[in-house]
Every structure is written in C-alpha cells, then in structure tokens.
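A.B. asks: Quick one: the structure is below, and I'll ask about it shortly.
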Amino acid sequence: MSPTKSREPGKSPEPVKSPEQWATKIGVILAVAGSAVGLGNFLRFPGQAAQNGGGAFMIPYFIAFLLLGVPICWAEWTIGRHAGARHGYHSAPGVFYAISGKRVWAYLGSIGVLIPLVIYMYYIVIESWCLTYAVQYLTGTIDLGTDPSHYAERSATHFANMTGLSQNGFVYAGNLHPSVFWCTVVFIVNFTLIYFGITKGIESFCKVAMPLMAICALVVLIRVLTLGTPNPELPDRNVINGLGFMWNPKGTATDGVWYAALLNPQTWIAAAGQIFFSLSVGFGIIINYSSYLRRRDDVVLSGLTASSTNQFFEVCLGGLITIPAAFIFLGAAGAVGGTFGLGFNTLPVVFLYMPGGWIFGFLWFFMLFLAAITSSLSMLQPAIAFLEEGFNISRKKSVTLLGLISTAGAIYVMYFSKDLAALDTMDFWVGTMMIYVLATLQVILFAWVLGAEKGRQLAEEGAEMKLPRIFPFIIKYVSPTYLLIMFGAWCVHPDNLPARIKSLSEGGVPLFSVGIILAVLVALLGMTHLALKRWEARGIQEVL
Ligand code: PFF
C-alpha cells in the first residue's frame with residue numbers, strides 16, 4: 001500500500017471527481033502505440049540506423065529495447081495505473097506524490113509535464129510540415145522543375161521556403177510561409193480532439209488513425225519493394241541492393257569488419273536514444289495514459305503489445321521504406337541524411353522519379369501527419385491532467401489555458417526559424433537530455449521507492465501474462481546502471497553537452513530558448529507547490 005496521509009481534523013475531504021477511463025482495452029493500447037509511433041519511427045530511425053552501422057545498429061538497439069525500453073515501459077504503466085485507479089491522480093506530479101507520499105517527488109514530477117509541453121511546441125510545427133506536403137502533393141504544387149541535376153537543390157529550396165529556414169520571421173519573399181496557415185489548422189485539430197477527452201477524443205481518433213496509418217504505410221512499402229530496377233542503365237540500383245544498403249552491417253572506412261560499429265560508444269548511445277524517443281518512454285506520457293485504466297486492467301500484456309506495435313511500425317515499415325527507396329533512385333550518396341534532410345529534401349525527389357509518385361507522396365506525408373497527430377495529442381493530455389487536478393478547473397478552462405501557452409511556444413519556434421535554431425535547441429535540452437533524467441527518476445521511484453518486488457506484484461494484478469522472473473532484478477540494477485552509463489557517455493561526447501554549452505555562451509536564440517524552458521520549469525514548480533496544498537488536504541488514501 002502507498003503511504004496514507006490522515007486528513008487534518010475538521011477539514012472536510014475534497015471529493016475526488018470520478019475519473020475518465022478508457023472505453024476499451026484495444027483503445028488504450030492504440031492510444032499508447034499512437035503516442036509512440038510518430039516521426040521518430042519513419043524519419044529518425046532510418047537515419048540513425050543507416051548512420052550507425054546499418055544492420056549492426058540493430059544489436060545495441062534490441063538490447064536497449066529489452067533492458068531499457070520494455071522494463072521502463074512496464075514501470076510507467078504500473079505506477080500510472082496504481083496512482084490513477086486507486087488514488088485518483090493523473091499528472092506526473094500527482095502520480096509521483098501518490099506513489100512516494102513525499103512532496104519532493106511531486107516537484108520532481110513537474111518534469112513530466114514540462115517535457116511533453118515543450119516538445120509539443122516544436123513537434124506541432126513539424127506536424128504542420130507533414131500536412132503542408134500532403135496537401136501540396138494533392139494539389140500538385142511541389143514543383144522541382146524538369147532538370148534532374150537540379151532536383152535536389154530545388155527540393156531543398158522548397159523546404160527552406162516552407163519552413164523559413166533561411167531567415168527568421170513568418171514572411172518570406174512577401175508571402176506568409178505556407179506552414180503558418182497549416183500549423184493553425186493542426187492546432188485546431190489537436191485542441192478539438194483534446195477537448196473531447198480521453199474516450200471521445202483521443203481513443204476514438206487513435207482507433208481510426210492507427211489502422212489508416214498502417215494501410216498508407218503498407219501501400220507505400222509495397223510500391224517500394226516492387227520497384228525492381230527502375231533504371232536499366234544502372235543495374236546496381238535495385239530493391240535488393242537498397243535493402244542491403246540499409247541493413248547490411250557496415251564497417252568503417254578504416255576498419256571494414258562488420259562489428260566495427262559495435263565498438264563505437266556512439267552507436268550504443270544512438271540506439272538507446274532512439275529507443276527512448278520512439279517508445280515515448282521517459283516523457284511522462286505513459287504514466288498519464290495508464291492512469292485512466294481501471295484497477296484490474298491488464299498492464300503487462302498491454303504494455304508489451306503497445307511497444308511491439310511501435311517496433312513493427314519502426315523496423316518493418318520505417319526501416320524498409322525511406323532509405324531503400326532513396327538508394328534505388330539516388331544511389332548511396334543520395335540515401336544518407338539526417339531526419340529532416342531525408343524526409344523533406346530527399347524523399348520528394350524520390351517520389352518524382354517513382355512511377356505514380358504524387359499519389360505515393362501524398363499517402364506518405366498524410367501518414368506522417370497522422371503519426372504525428374496521435375503523438376502530439378499525447379503531449380497535451382499530461383498538462384491538461386495537471387491543470388485539472390491541481391487547480392480543479394474545468395476542461396474548457398484548462399484547454400484554453402494550455403492552448404494559449406502552447407500557441408505562444410509554437411509562435412516562438414516558428415518565428416526563430418533560421419536554421420531551425422529554436423526547434424533544435426528545445427529538442428536537444430528537453431527532447432533528448434531531459435528524457436534521460438525523467439526516465440532515471442521513474443526507475444528510482446518504481447524500483448527503489450515503491451520497491452521492485454512490490455512493483456512486480458502491482459503490475460501483475462489483473463495481468464494477462466506474468467512478468468519475466470528476472471524483471472525486478474533488471475529494473476532495480478540493470479536498467480539504472482545502463483541508463484546512467486549511456487547518459488554519462490552521451491553528456492561527455494563533444495557533440496553534445498560541451499558543444500551546446502559553448503553555443504549558449506554565444507547568446508542568441510539558443511540561450512533565449514533555454515531561458516524559456518527554465519521559465520516554464522519554474523512556473524510548473526510554482527504550480528506544483530500550489531497544487532500540493534490541495535493534494536495534501538485530499539490525502540493519498542484509496543479513494544476510488
Ligand atoms: N514517440 C514519438 C515518435 O517516435 O515520433 C515522439 C514523441 C511522442 C515524443 C510523444 C514525445 C512525446 F511526448
């Protein structure tokens with residue numbers, strides 16, 4: 001049992017609102033999988049795998065999946081359901097407080113509201129690019145000219161004009177960036193769905209969007225796998241070699257052995273980072289979603305199913321489409337690039353070469369848009385839950401308040417678009433670094449504060465399968481050690497903290513963006529302080 005606080009004599013207990021709950025088991029699995037499946041699966045994963053050893057990347061990737069991804073996922077599902085179904089707490093600060101009984105954990109939990117909220121501010125901008133491209137494919141307004149030697153350059157210019165990459169502000173060459181309009185549309189869609197709530201909004205949408213996404217991705221995949229050798233003059237550029245380019249373990253230039261990548265710590269760091277980002281582990285999201293379960297709803301099989309669904313989308317769909325397709329049409333030199341380069345510069349050129357390319361281009365970007373929207377919805381709900389349970393305000397008010405805050409954030413990200421400076425800074429400090437911190441806190445809370453053995457028993461209440469016997473050992477010792485080693489190695493890598501700290505000393509957008517993140521954090525800590533007054537009066541006894 002969690003610690004039980006007695007109420008001060010004379011204070012009447014505050015009634016706990018009857019919670020929203022998921023309507024169906026498949027609904028919650030699809031919602032969690034919907035949060036996990038996103039741009040990370042289709043754009044980030046292929047780039048990471050291809051740059052870090054190809055097939056060899058999959059070894060540290062699956063090790064991180066088994067030792068970090070799945071165990072932490074189970075821990076999140078368990079503490080979320082426990083705090084939500086038994087004690088009526090749904091936001092990370094509330095959940096952490098209910099599990100530990102300590103105020104300090106509520107303050108630490110505010111990171112679980114900060115992360116999704118800040119990520120939302122820039123993720124929504126990328127989401128709007130996907131919608132913009134989908135619409136542009138439908139209306140035939142992506143014009144890369146007729147000269148193949150200029151396709152790549154024109155594609156890059158098209159992207160730069162749409163996003164404002166070359167200059168800050170909303171206007172370029174006398175026109176508003178098209179993504180500004182579409183970002184407004186995307187905002188409205190997100191907030192309308194959130195307003196409808198857990199079952200009518202998020203669950204209903206994910207039930208339709210997830211299968212639709214799978215269908216769109218499968219259609220594009222079949223197209224790519226049946227391309228054969230589109231240019232007979234270049235027989236090496238065929239489907240098999242495209243798959244080989246992505247998946248054959250690659251040595252380095254100086255050391256050709258296949259396992260060379262495994263000897264490089266960077267491969268292990270990249271694999272662990274990808275697992276976190278992709279599974280939405282360490283974001284404060286799974287604890288929020290699982291807090292709307294009932295007491296005896298299964299968490300073990302559901303957690304595993306949601307994670308496996310994410311892996312299917314990532315490895316079997318994301319991993320077989322982008323890079324092989326780029327290789328087939330553009331060769332080895334054209335099939336490399338970071339997340340955005342690959343997704344928004346290279347792929348439009350690939351679709352131009354591909355027979356029927358405009359329809360596949362539309363399906364692809366529409367699918368990315370759906371993937372992004374099911375993820376961005378999950379970023380809003382933790383803050384909504386925090387506002388509602390911390391301050392007892394209505395859904396309408398909490399949605400309005402969150403709308404104002406996140407709009408201000410997104411406007412900031414869109415305005416400082418030159419070299420995507422604001423987006424990149426927020427992604428580094430929050431989307432990459434903070435998630436290590438929150439994941440570590442969650443592991444400590446589950447395995448050490450609640451207790452790994454107790455956690456296992458709670459997880460198995462109502463579960464449809466048992467946890468592996470080794471789970472308590474893994475979550476108590478292996479996951480935190482692995483996590484800390486990866487985090488330490490990540491921090492000291494010259495491209496990470498050292499480079500970023502240096503860029504902060506130069507001032508400008510990076511420094512200002514970090515200031516904004518800190519301001520949001522301070523505001524959330526202050527709000528947690530106020531919320532704690534209510535929560536202490538209400539106590540942590542079993543309420544439901
Ligand atoms: N897991 C999502 C992806 O792979 O794109 C990204 C994501 C979802 C990040 C939810 C953060 C989040 F809160």
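A.B. asks: For a quick check of your reading of the filter: which GluC sites (Glu not before Pro) in segment 152-252 sit in a DSSP loop and have no more than 13 other Cβ atoms within 10 Å?
C.D. replies: Taking segment 152-252 and a limit of 13 other Cβ atoms within 10 Å, the loop GluC sites (Glu not before Pro) found are Glu233.
A.B. asks: Give the shape of segment 135-223 as rounded, prolate or oblate, defined through the alpha-carbon gyration tensor: a ≥ b ≥ c are the square roots of its eigenvalues, a/c under 1.5 means rounded, and otherwise the shape is prolate if a/b is larger than b/c and oblate if not.
C.D. replies: Oblate is the answer for segment 135-223, as a/c is 1.5 or above yet b/c matches or exceeds a/b.
A.B. asks: Something else about it: Evaluate E = 1/(1 + (r/R0)^6) for Ala332 and Asp495, where r is the Cβ-Cβ distance and R0 equals 22 Å; express this FRET efficiency to the nearest 0.05.
C.D. replies: 0.40
A.B. asks: Still on this model: Can you tell me the length gained on complete extension of the stretch Leu212 to His529, counting 0.36 nm per residue apart and subtracting the Cα distance?
C.D. replies: Roughly 109.9 nm would be gained on extension.
A.B. asks: Another question, then. Explain nothing, just the number: relative contact order of segment 259-412, from Cα pairs under 8 Å at least 6 residues apart, as a whole percent.
C.D. replies: 17
A.B. asks: Hey, what did segment 43-170 get for relative contact order, percent, Cα under 8 Å, at least 6 apart?
C.D. replies: Relative CO of segment 43-170 lands at 10 percent.
A.B. asks: Can you put Thr322, Thr199, Thr192 in order of Cβ neighbours within 10 angstrom, beginning with the fewest?
C.D. replies: Thr192, Thr199, Thr322
A.B. asks: From the Cα trace of segment 172-221, what convex hull volume per residue do you get, rounded to a whole Å³?
C.D. replies: 81
A.B. asks: Report, in degrees rounded to the nearest 10, the 0 to 90 angle that the Cα long axis of helix 148-163 makes with the longest principal axis of the chain.
C.D. replies: Once rounded, the angle reads 30 degrees.
A.B. asks: Hey, another quick one. Give me the Debye-computed log₁₀ of I(q)/I(0) at q = 0.10, 0.12 Å⁻¹ for the chain, equal point scatterers on Cα only, no solvent, two decimals.
C.D. replies: The computed values of log10 I(q)/I(0) come out as -0.80, -1.15.
A.B. asks: Another question, if that's okay. I'd like the distance between the alpha-carbon centres of segment 58-76 and segment 140-202, rounded to an integer number of Å.
C.D. replies: 34
A.B. asks: I would also like to ask the following. Compute the Cα gyration tensor for segment 218-302, then decide on rounded, prolate or oblate, letting a ≥ b ≥ c be the square roots of its eigenvalues: rounded whenever a/c is under 1.5, prolate when a/b is larger than b/c in the other cases, and oblate in all that remain.
C.D. replies: Oblate, since a/c reaches 1.5 and b/c is not below a/b.
A.B. asks: How large is log10 I(q)/I(0) at q = 0.33 Å⁻¹ when the Debye formula is applied to the Cα atoms of segment 414-458, each weighted equally and without solvent?
C.D. replies: Here the Debye-derived log intensity ratios amount to -0.99.
A.B. asks: How far is helix 357-391 tilted off the main Cα axis of the chain, in degrees rounded to 10, range 0 to 90?
C.D. replies: Compared with the principal axis, the helix lies near 20 degrees.
A.B. asks: Need the full-extension length gain, His150 to Leu301, defined as separation in residues times 0.36 nm minus the C-alpha distance. One decimal, nm.
C.D. replies: Length difference between fully extended and current span is 49.3 nm.
A.B. asks: To the nearest 0.05, how large is the calculated FRET efficiency for Glu464 and Asp419 if R₀ is 56 Å and r is the Cβ-Cβ distance?
C.D. replies: 0.70
A.B. asks: Could you work out the helix-only [θ] at 222 nm for the chain, with each DSSP H run of four or more residues adding -39,500 (n - 2.57) and the total divided by the number of residues, to the nearest 500 deg cm²/dmol?
C.D. replies: Counting only the DSSP helices, I get -20000 deg cm²/dmol.
A.B. asks: Please work out the C-alpha center-to-center distance from segment 84-134 to segment 485-528 and express it in whole Å.
C.D. replies: 18
A.B. asks: Just to confirm my numbers, what's the Cα centroid distance between segment 328-400 and segment 298-317 in Å?
C.D. replies: 19
A.B. asks: Could you give the Stokes-Einstein D for segment 420-526 in µm² per second, using the C-alpha Kirkwood radius, 10 °C, 1.306 mPa s?
C.D. replies: 98
A.B. asks: Between the helical axis of 300-311 and the dominant principal axis of the chain, each derived from Cα atoms, what acute angle in degrees is found, rounded to the nearest 10?
C.D. replies: Result, in degrees: 20.
Taken together, the values in this text are just the output of simple stated rules run on the coordinates, not laboratory data. Source: prediction; values computed, not measured. Note that each Cβ is placed from the backbone with ideal geometry, even for glycine, and that neighbours are counted across all protein chains shown.
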